[in-house]
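Here the structure is laid out as structure tokens; the discussion comes afterwards.
Bear in mind these aren't lab numbers, they're just calculated from the coordinates by the rules spelled out. Here the structure is a predicted model, which is why all the values come from computation and not from measurement. Neighbour counts run over all protein chains shown; Cβ positions are idealised from the backbone, glycine included.
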Amino acid sequence: MKPSHTHVNVVHRPEAQCFEAIVEGQRCVVEYHLRGQIVSMTHTVVPPALEGRGIAAAMVNAALVWAQGQGFKVDPLCSYVRSYLQRHPEWQALQA
């Protein structure tokens with residue numbers, strides 16, 4: 001049985017335009033493109049063996065904290081990011 005939550009060390013890699021976590025040796029990522037003051041979050045990847053542990057949520061949360069701190073708006077092109085924003089109304093003001 002998988003643990004319901006894993007502590008996730010999320011690293012922002014601005015040179016690669018992503019937020020990344022290495023969990024059990026596997027790379028998880030939230031990719032984005034920055035255009036002016038808009039952060040388009042384009043893709044979220046968590047390997048199937050790691051799903052359901054809150055890893056994607058931790059990465060998206062880190063990305064949103066960063067965007068808010070920079071004064072950016074978020075364009076949730078990724079379906080996971082869109083659904084995360086719907087589940088967390090405290091972040092909806094960031095939506096472009």
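Okay, here's what the table says:
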{"read-out": "Cα-centred dipole magnitude for the chain, charges only on beta-carbon of K, R (+1) and D, E (-1), debye, nearest 20", "value": "120 debye"}
{"read-out": "Nearest-0.05 FRET efficiency for E24 and R87, computed from C-beta distance (R0 30 Å)", "value": "0.75"}
{"read-out": "Karplus-derived 3J(HN,Hα), 6.51/-1.76/1.60, for each residue of region 22-31, Hz, glycine and proline x", "value": "9, 10, 6, x, 10, 8, 10, 8, 10, 9"}
{"read-out": "Length added when fully stretched, R13-W66, from 0.36 nm per residue minus Cα-Cα", "value": "17.9 nm"}
{"read-out": "Over region 11-94, relative contact order from alpha-carbon pairs under 8 Å, at least 6 apart, %", "value": "25 percent"}
{"read-out": "Candidate values (1) 99, 33, 33; (2) 54, 29, 22; (3) 41, 29, 20, label of the one derived for Cα extents along the principal axes in Å", "value": "(3)"}
